[in-house]
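Undergrad: Right, I'll just put the structure down here and ask away after.
The values are calculated or read from the model by the stated rules, or taken from the named source; none is laboratory data. Since the model is a prediction, treat every value here as computed from it, not as a measurement. Reconstructed Cβ throughout: ideal geometry from the backbone, glycine too, with neighbour counts over all protein chains shown.
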Amino acid sequence: MAELTRLESKLAEVLGLAGAAKGATEKVRGMLDDDEQALADELTRMHDEASETEARCTEVAGEFDGKKTAILEKARETRQEATEMMETYLAGEDEALDGFEFMAMAEAGEVGHWAIVKKLTEQANMQSVAQLAEWALPIQERHLKVVLDSSLALASRENADELAG
């Protein structure tokens, strides 16, 4: 398998994280109560944007001469690791607040990864990756804001003095 540069490796990671994000949005959507439809709609939008990110990353990966397979393999590994982290974190949890707390960590990670991709493109002559990062970073920043705001809204409905279950 071809060796990946730092930029190619980071592209693979954001591709894998986008795939994991789709699974996370589905998992957390299943944790919502019936009266939380607005949150479900946000998660659906995030899922769709993760799908679009995956498609765009895969297309750009094809531009790396002879490295698409290696990029996709690393992306699969990253997706699996992130999915395992979600399963561990949410094991036995069924409340939406727990799901959104996990999503906040995951989205912060995606923002960080995309910021690194953007920084690396300043050194590399890969206009397509630079354009992809310019497109994806604001979306990830918005996702982070959505999950943080949603977490706080859910927390505001909690009884702080109630014993944790």
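Undergrad: Any idea how many residues of region 26-57 are touching a residue at least 60 places away in the same chain (Cβ under 8 Å) and surrounded by 14 or more Cβ atoms within 10 Å (Cβ to Cβ)?
TA: 12
Undergrad: Can you name the residue in region 105-139 that is surrounded by fewer than 17 Cβ atoms within 10 Å (Cβ to Cβ) and of a type in the set (D, E, K, R) and, of all such residues, is farthest from VAL14 (Cα to Cα)?
TA: Selected residue: GLU122.
Undergrad: Among the residues of region 80-104, which ones are surrounded by fewer than 16 Cβ atoms within 10 Å (Cβ to Cβ) and either free of Cβ contacts under 8 Å to residues at least 24 places away in the same chain or closer than 15 Å to GLY23 by Cβ (or both)?
TA: GLN80, GLU81, GLU84, GLU87, THR88, TYR89, ALA91, GLY92
Undergrad: Related question: Looking at region 43-66 only, could you name the residues that are at pLDDT below 95 and either among the hydroxyl-bearing types (Ser, Thr, Tyr) or over 27 Å from PRO138 (Cβ atoms) (or both)?
TA: If the condition is that a residue be at pLDDT below 95 and either among the hydroxyl-bearing types (Ser, Thr, Tyr) or over 27 Å from PRO138 (Cβ atoms) (or both), then ASP65, GLY66 are the ones that fit.
Undergrad: Being of a type outside the set (A, V, I, L, M) and farther than 29 Å from ALA38 by Cα narrows it down to one of SER156, SER128, so name that one.
TA: Answer to the check: SER128.
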